[in-house]
Amino acid sequence: TEVIIVKNQDEAGKIYAQRVARLIEQKPDCVLGLATGSSPLAAYHQLAALVKAESIDVSQVRGFALDEYAGLDPQHPQSYKSTINRTVVEPLGLDPDKIHVPNGDLSTIKDAGTMYDEAIEAAGGIDIQILGIGTDGHIGFNEPGSSLASGTRIKTLTEQTRIDNARFFDDDINQVPTHCITQGIGTILKARHLVLLAFGSGKAEAIAETVEGGISSFCPASALQLHRRATVIVDEAAASRLR
Ligand code: F6R
């Protein structure tokens, strides 16, 4: 695993942005793996700035998000569909029809995971997957205990994750969905390049476990060690537990 220690989120964002910009030049219809959460925001911001500065044509770029709440209207402002639109599709000027988010509709969710993995495969696979990490080592909504070979599927959200995310739902845990649909760890590992971003001391333990711990479902992100091209970009605080 390649570890890059940066001064701040903007510096990390610039590294991601450069890699994606060069990819788009080589492959205008490249496939980006997208994440929600706070960690990738500076990266999206830097990419949007670079796309503008270099007038890069992004009209053919395709994308697949990591996860979505189950049973939440995609129009809801906190759905990941809405979030990806707001934070990625609009600022970068991507074609919304080319950007996919797992379908959390309860009536079709049983098959939605398999269909999503098939859609990724049909697109030729993900070229660069951006990832954040939870303090417990989760990636996507793959909480500790998730199979390292898993495909996209429905999962129950842990109580802790629902408490953490209540801030996006009027601080009312009852409004937080109980389930989600998430790319599996096996799905994530199929991407050709993984870029995991983590900032702040709260992530230090999870980063040490991910990079230097044993490969184990207790720290789902440790599966990155199985990948031939995984890059972990962290600030000093998130790197502070690395040996
Ligand atoms: C986001 C996702 C999550 C987050 C993780 C870290 O789509 O699947 O795994 O990446 O919870 O969140 P932040 O970046 O907000 O600390």
Subset of the range 43-65 that is more than 25 Å from Phe199 (Cβ to Cβ) and touching a strand residue (DSSP E or B) at 6+ places or on another chain (Cβ under 8 Å) - its residue that is surrounded by the fewest Cβ atoms within 10 Å (Cβ to Cβ)
Arg62
Would you call Thr158 within 13 Å of the ligand (Cβ to nearest atom), among the β-branched types (Val, Ile, Thr) and without any contact (Cβ under 8 Å) to a residue 40 or more places away in the chain?
yes
Would you check if there is a residue in the range 65-75 being among the hydroxyl-bearing types (Ser, Thr, Tyr) and under 23 Å from Gly140 (Cβ atoms)?
yes
Taking only the range 103-126 into account, find how many residues are surrounded by fewer than 17 Cβ atoms within 10 Å (Cβ to Cβ) and assigned to a helix (DSSP H, G or I).
8
Single condition Leu41 does not satisfy, out of (1) without any contact (Cβ under 8 Å) to a residue 40 or more places away in the chain; (2) under 14 Å from Gly13 (Cα atoms):
(1)
Have a look at Ser55, Ser59, Ser38 and point out the one that is under 16 Å from Pro91 (Cβ atoms), part of a loop (DSSP other than H, G, I, E, B) and within 16 Å of the ligand (Cβ to nearest atom).
Ser38
Among the residues of the range 114-144, write down those that are within 15 Å of the ligand (Cβ to nearest atom) and over 24 Å from Val234 (Cβ atoms).
Tyr116
Within the range 149-178, the count of residues that are under 18 Å from the mean Cα position of the chain (by Cα), of a type in the set (A, V, I, L, M) and surrounded by fewer than 17 Cβ atoms within 10 Å (Cβ to Cβ) comes to 1
Against the condition in a helix (DSSP H, G or I), more than 30 Å from Thr114 (Cβ to Cβ) and not hydroxyl-bearing (Ser, Thr, Tyr), how does Ala206 come out, does it pass?
no
So Ala35 passes all but one of these: (1) among the aliphatic types (A, V, I, L, M); (2) farther than 20 Å from Gln183 by Cβ; (3) in contact with a Gly (Cβ under 8 Å, 6 or more places away or on another chain). Which condition number does it fail?
(2)
Within the range 184-203, the residues that are assigned to a strand (DSSP E or B) and either more than 19 Å from Arg243 (Cβ to Cβ) or among the β-branched types (Val, Ile, Thr) (or both) are His193, Leu194, Val195, Leu197
I'd like to verify a number: residues in the range 215-243 that are surrounded by fewer than 17 Cβ atoms within 10 Å (Cβ to Cβ), touching a Ser or Thr at 6+ places or on another chain (Cβ under 7 Å) and not in a helix (DSSP H, G or I), how many?
3
Taking the stated definitions as given, is Ile109 among the aliphatic types (A, V, I, L, M) and under 18 Å from Asn142 (Cα atoms)?
yes
Applying the selection to the range 66-102, what residues are without any contact (Cβ under 8 Å) to a residue 60 or more places away in the chain, part of a loop (DSSP other than H, G, I, E, B) and surrounded by fewer than 17 Cβ atoms within 10 Å (Cβ to Cβ)?
Asp73, Pro74, Gln75, His76, Pro77, Gly93, Asp95
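Every number here is computed from the coordinates shown, using simple stated rules; none is lab data. Every value quoted in this text rests on a predicted model; they were computed, and no experiment measured them. So basically every Cβ, Gly included, is an ideal-geometry build from the backbone, and we count neighbours across all protein chains shown.
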